[in-house]
Amino acid sequence: MTSSKTLLGDGEHIVKKLWELSAKIYYCYPQYVGNRKVGNKWWRKLLIVWLLFWIVVSFSVLWYMNSKAVEKRKETLTSMCDERARMLQDQFNVSMNHVQAMSILISTFHHARNPSAIDQCTFASYTERTAFERPLTSGVAYAVRVLHSERKEFEKRHGWSIKRMDTREPTPVHKDNEYDRDGLEPSPIQAEYAPVIFAQDTIAHVISVDMLSGKEDRENVLRARESGKGVLTAPFRLLKTNHLGVIKTFAVYKTDLPSNATPNERIQATDGYLGGVLDIESLVEKLLQQLASKQTILVNVYDMTNISHPISMYGSNVSSDGLEHVSALNFGDPFRRHEMRCR
């Protein structure tokens with residue numbers, strides 16, 4: 001702005017001097033060439049052209065300086081938005097990698113031992129004491145794969161029946177405490193089930209719930225075991241904080257599978273499914289506090305899986321006609337698309 005004022009001041013001074021010079025020439029000219037109408041008309045036209053030329057030059061300088069300022073703002077916004085998107089991905093992946101590492105614990109000390117060395121109390125204690133490794137997760141749970149032929153024996157061994165997930169809320173945004181185990185109906189007969197047998201105390205209400213009885217959860221579980229990768233749910237409201245969060249699900253296999261294993265081989269080798277609940281709003285809020293600076297930007301995070309109906313995961317929905325930059329987010333699930341919009 002200082003350079004802009006200086007430049008404009010110099011331009012004003014130059015125009016003023018040129019005006020004075022033009023006036024002197026205009027009034028002195030007749031003394032040398034005579035008071036002729038042709039001369040006067042020619043000098044009037046020249047003076048008008050001269051003034052119009054400098055007006056155009058002045059506006060051109062202003063336009064150039066403004067365009068440079070806007071370009072600089074765009075570059076700054078792009079840099080700040082990309083930095084926040086990159087750090088959000090990194091922190092998300094750190095928490096989810098720790099959840100995925102727990103699948104080794106389940107496989108080694110539960111499925112590979114008879115009797116199992118893990119029960120609900122052990123799992124709850126372990127997840128609670130290691131919660132500092134997953135500061136932004138609301139809870140971790142494990143659902144085991146049960147075939148229909150094994151259901152009766154399974155329910156007898158655990159002392160409860162496999163419950164059907166309550167599907168009263170068809171919308172993907174729902175509360176994670178909406179399930180009252182005592183009020184849920186038994187899971188309908190199907191080829192296989194995925195009842196939760198271990199859960200962190202914060203989400204212990206999901207124990208006995210069949211993850212394959214809910215449409216969206218079923219799709220996520222099936223995608224997780226067929227792909228061998230972590231898959232995400234649509235955003236939903238979390239217990240206590242009421243923040244929007246997501247669940248990332250990992251399949252737990254009996255043996256180590258090669259990277260080129262077929263979906264059928266993965267299905268046959270599946271023992272169960274491990275899921276971690278992540279608080280997206282807290283994650284973004286903490287990130288913005290870490291990167292707080294004199295230049296403040298507004299940040300929104302969206303689930304763009306359904307482009308016609310994007311789901312807001314963080315930020316206000318206030319529209320703005322100002323500068324905006326969109327940074328893509330990759331949370332490890334190619335099926336779901338997320339993005340960060342900065343203003």
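The values are calculated or read from the model by the stated rules, or taken from the named source; none is laboratory data. No experiment lies behind these values; they were computed from the predicted model shown. All Cβ positions, glycine included, derive from the backbone under ideal geometry; neighbour counts span all protein chains shown. Keep in mind that these areas ignore ligands, DNA and RNA; they rest on the heavy atoms of the full protein, side chains included. Shrake-Rupley method; radii C 1.70, N 1.55, O 1.52, S 1.80 Å.
Residues that are crowded, with 23+ Cβ neighbours inside 10 Å, part of a helix (DSSP H, G or I) and over 23 Å from the mean Cα position of the chain (by Cα) within segment 208-231 comprise just one, Arg225.
Arg266 passes every criterion in (1) modelled with pLDDT of 90 or more; (2) on the phi > 0 side of the Ramachandran plot apart from (2).
The criterion of at least 1 residues that are surrounded by 14 or more Cβ atoms within 10 Å (Cβ to Cβ) and in contact with a Pro (Cβ under 9 Å, 6 or more places away or on another chain) is met by the following strands (runs of 3 or more DSSP E) wholly inside segment 232-343: 244-253, 299-303, 311-314, 338-342. Considering only segment 60-87, how many residues are of a type in the set (D, E, K, R) and under 18 Å from Val301 (Cβ atoms)? Selection size over segment 60-87: 4.
Check whether at least one residue in segment 289-300 is touching a residue at least 24 places away in the same chain (Cβ under 8 Å), within 30 Å of Thr202 (Cβ to Cβ) and out of contact with any strand residue (DSSP E or B) (no Cβ under 7 Å at 6 or more places or on another chain), and report yes or no. Yes: segment 289-300 contains one or more residues that are touching a residue at least 24 places away in the same chain (Cβ under 8 Å), within 30 Å of Thr202 (Cβ to Cβ) and out of contact with any strand residue (DSSP E or B) (no Cβ under 7 Å at 6 or more places or on another chain). Scanning segment 91-111 for residues that are over 27 Å from Lys286 (Cβ atoms) and open to solvent by 80 Å² or more (accessible area, probe 1.4 Å) yields a count of 1. Residues in segment 278-305 that are over 18 Å from Asp90 (Cβ atoms) and at pLDDT 90 or above: Asn300, Tyr302, Asp303, Met304, Thr305. Cβ separations smaller than 9 Å between residues 6+ apart or across chains give the following pairs from segment 132-154 residues that are loosely packed, with under 13 Cβ neighbours inside 10 Å to residues that are in a strand (DSSP E or B): Leu147/Glu192; Leu147/Tyr193; His148/Glu192; His148/Tyr193.
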